Amino acid sequence: MVGRPNLPQLDVLTALIREALDNGWLSNQGPLLRRLEHELGAVLGAAHVIAVVNATTAIQLVAKACELAGEVVVPSFTFPATAQAFTWIGLTPVFADIELNSATVTAATVEPLITDRTSAICAVATWGNVGPLEELSALASDYGIPLILDSAQALGVTYHGRQVGTFGTAEVISLHATKIVSACEGGLVVTNDDAIAERVRAMRSFGTNPSGKFTTVGTNAKMHEISAAMALAVLPSLGPVIAANRRKHTLYREYLTGVSGVVVREPSDGTASNYHYVVIEVDSAVAGIGRDELCERLAARNIHTKPYFAPGCHALEPYRTESAIHSPKPLPNTESLAARVLCLPTGPAVTDTDVASVAHTIASIVALAGRAA
Ligand code: T4K
């Protein structure tokens, strides 16, 4: 099954939870949260790591801290949380197309959508793929607007040797149960910008400054100590899990080579992936079976896959109805990739034998479909 949590060692987790209980301190920037932020800061090499309740709220905190107004250019090919986070706080997402190698937006797809209403660019590290950040950063700085990176799926990824978390004006990372490091629910704002960090810290806690004075309007986005304990307990496994994920990705590639119309996607140029998602593309004309039918037939054999990200956000309400505002340009690459991709089971809960069995089942379904055609 896609998304099985990366679980911590129970004794490590219980010791941390006991520590929280012994401290008698359960929320409001407690010692475990501060330790988590410190440890992640060391992993990411970023000046500020701010742990919050989830990545969706993290996006909103960054948007508020950057004082965005009007429109934000975002990919349609993303989990709907990216677009919804902006819509929820009164901003208008305008959808840019992706390029096919990285499945991310580029300067060429974003620039035609920039108008005097645009207040930011938000790029997504799709399945951990980092897109062409140099050109996106240059574009954002040419127009004097922030570049926000939704790196929800990308903890542990490096781009040309530099950790994700240190690019753009600010980045957002998810610590949801289905992510490579989980706080059950959780998210991070990561930035090297002192002023943004100060505002995000205030806004996550009712707009209070470090002395507890109410200095601005904020919300309650604080991560509690039990979530921080969970993430602290899982964090040491990050390196080993990436190595194991990488091996499973290689195995899938080996087993599926030669299966007609099925290709395992590789990380994009410059990205050292966390391999948290193993993504295949299904070419129905060659495979004799479409992605959706393959997904259904696998589910019937108790193999649960997910078509991340289908459909693109522009095909979902309310964006579909208001298409003239949200997708004023055609999105051919988004449409084509959204029709083909399927994420396969991987991660610590999936053994190498499971990988062989899933790949074998895909091969048999495709062979059967080919014979029936
Ligand atoms: N930006 C991007 C690019 C994102 O991908 C996401 C989240 C966000 C922003 C927002 O981040 P957060 O606000 O969530 O921190 C799941 C996750 O809920 C979501 O966090 C994630 N992206 C998205 C890609 O995947 P669903 O709706 O597909 O979840 P669901 O319930 O279908 O679960 C997926 C699979 O995981 C299933 O096969 C079941 C399995 N699962 C799930 C949970 C929760 C488990 O085995 N155990 C579990 O505890 O969204």
Simple spin-label estimate for Lys329 and Thr361 in nanometres, 7 Å along Cα-Cβ: 4.0 nm
Exposure proxy order (Cβ contacts within 10 Å, fewest to most) of Leu16, Leu298: Leu298, Leu16
Placed amide H near Asn220: partners under 5 Å, 5+ positions off or other chain: Phe206
Asp269 versus Asn302: modelled label distance in nm, points set 7 Å from Cα along the beta carbon direction: 4.5 nm
Per DSSP, loop GluC sites (Glu not before Pro) in segment 287-373 with at most 12 further Cβ within 10 Å: Glu322
Cα-derived Rg to Rh of segment 238-372, Kirkwood definition: 1.01
In the chain, lysine pairs with alpha-carbon atoms under 26 angstrom apart (chain gap of 8 or more, or interchain): 8
Protection-proxy order for peptides 154-167, 120-133, each taking the mean of Cβ atoms within 10 Å per residue, highest first: 120-133, 154-167
Amide H contacts of Val278 (H built 1.01 Å from N, under 5 Å, at least 5 apart or other chain): Leu344
Whole-Å semi-axes of the chain's equivalent ellipsoid (Cα gyration tensor): 34, 27, 16
Potential extension, Arg4-Asn101 segment - 0.36 nm per residue separation minus Cα distance: 32.3 nm
Sites Ala177 and Ala372, calculated FRET efficiency, Cβ-Cβ separation with R0 25 Å, nearest 0.05: 0.05
Stretch gain in nm, segment Glu254-Asp352, where the contour uses 0.36 nm per residue and the Cα spacing is subtracted: 34.1 nm
Where GluC sites (Glu not before Pro) fall in DSSP loop in segment 15-120, at most 11 other Cβ within 10 Å: Glu67
Size-normalised alpha-carbon gyration radius of segment 1-61, reference 2.2 N^0.38 Å: 1.32
Ser182, Ser364, Ser237 arranged by Cβ crowding within 10 Å, fewest neighbours leading: Ser364, Ser237, Ser182
Linear extension gain, Arg34 paired with Thr14, 0.36 nm per residue minus alpha-carbon span: 5.4 nm
Exposure proxy order (Cβ contacts within 10 Å, fewest to most) of Val259, Val190: Val259, Val190
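Coordinate-derived values only; no laboratory data. As the structure is a computational prediction, the values presented were derived from the model and not from experiment. For neighbour counting, all protein chains shown are included, and Cβ atoms are generated from backbone atoms with ideal geometry for every residue, glycine included.
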